[in-house]
Amino acid sequence: MANNQSVRRHLDAFTRGRIIGKLEEGRSVTSVAAEFGIAHSIVSRVWRQFQTTGTAIRGFSSGRPRGITPADDRYIVLQARRNRRQTAGEIARHTTQATGRPISRFTVARRLHGGGLFARRPVRCVPLTPAHRRRLSLSRQTLGSSYLTTSNDSGASIGAAR
């Protein structure tokens with residue numbers, strides 16, 4: 001399968017300097033572009049940038065600023081390791097209170113994923129219907145309450161004790 005998209009490469013500082021040097025010698029934009037095998041629009045853009053900034057070095061754009069710092073990332077992972085039952089939303093609230101910057105639970109989940117921790121969702125069990133509740137109480141009376149164990153916070157039956 002052929003890829004029709006062109007690969008965009010940045011010119012290194014040395015090549016930019018050579019282009020500017022040739023243009024300062026008085027050569028035309030078209031001849032310099034032909035010599036380097038690049039489009040004349042690239043050469044004219046490099047020349048225009050040099051004339052406005054006075055340097056051939058490419059300026060780096062910052063992009064979107066990060067919402068939280070690397071220290072916040074470490075704090076989030078530390079919070080999750082200290083209290084494993086905390087949900088991502090609770091960690092987000094604690095971090096927001098500690099830093100003063102709002103952080104979403106999705107950001108927390110991404111940072112925990114980066115730290116090797118997963119599934120910070122609250123455990124929600126299906127509520128028992130009245131019929132199921134009667135059946136559970138009957139089985140507890142018949143078999144004894146030690147047979148059915150409850151080990152999670154919701155109080156739902158997990159399994160049989162051995």
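The values are calculated or read from the model by the stated rules, or taken from the named source; none is laboratory data. Because the structure is predicted, anything quoted here is derived from the model rather than measured. Cβ placement follows ideal geometry from the backbone for every residue including glycine, while neighbour counts extend to all protein chains displayed.
Observations, loosely collected:
- Qualifying residue in segment 118-139 (condition: of a type outside the set (D, E, K, R), modelled with pLDDT under 90 and surrounded by 15 or more Cβ atoms within 10 Å (Cβ to Cβ)): no
- Filtered residues of segment 1-35 (kept if at pLDDT below 90 and surrounded by 14 or more Cβ atoms within 10 Å (Cβ to Cβ)): L11
- Leading residue by the ranking (nearest to R66 (Cα to Cα)) among those in segment 106-122 that are part of a loop (DSSP other than H, G, I, E, B) and touching a residue at least 40 places away in the same chain (Cβ under 8 Å): G115
- Residue count for segment 43-102, restricted to those that are within 30 Å of T30 (Cβ to Cβ) and within 18 Å of the chain's Cα centre (by Cα): 0
- Hits in segment 11-45 - residues which are touching a residue at least 12 places away in the same chain (Cβ under 8 Å) and under 17 Å from G59 (Cβ atoms): L11, A13, T15, R16, G17, I19, I20, I42
- Scanning segment 69-97 for residues that are polar (S, T, N, Q), outside any helix (DSSP H, G or I) and either farther than 18 Å from G116 by Cβ or touching a residue at least 24 places away in the same chain (Cβ under 8 Å) (or both) turns up T69, Q86, T87.
- Pick from segment 45-62, criterion surrounded by fewer than 10 Cβ atoms within 10 Å (Cβ to Cβ) and of a type in the set (S, T, Y), ranking: modelled with the highest pLDDT: T52
- Checking P65 against (1) surrounded by fewer than 12 Cβ atoms within 10 Å (Cβ to Cβ); (2) assigned to a helix (DSSP H, G or I); (3) free of Cβ contacts under 8 Å to residues at least 12 places away in the same chain, the condition it does not meet: (2)
- One residue from I38, I103, I42 being surrounded by 17 or more Cβ atoms within 10 Å (Cβ to Cβ) and either assigned to a helix (DSSP H, G or I) or touching a helix residue (DSSP H, G or I) at 6+ places or on another chain (Cβ under 9 Å) (or both): I103
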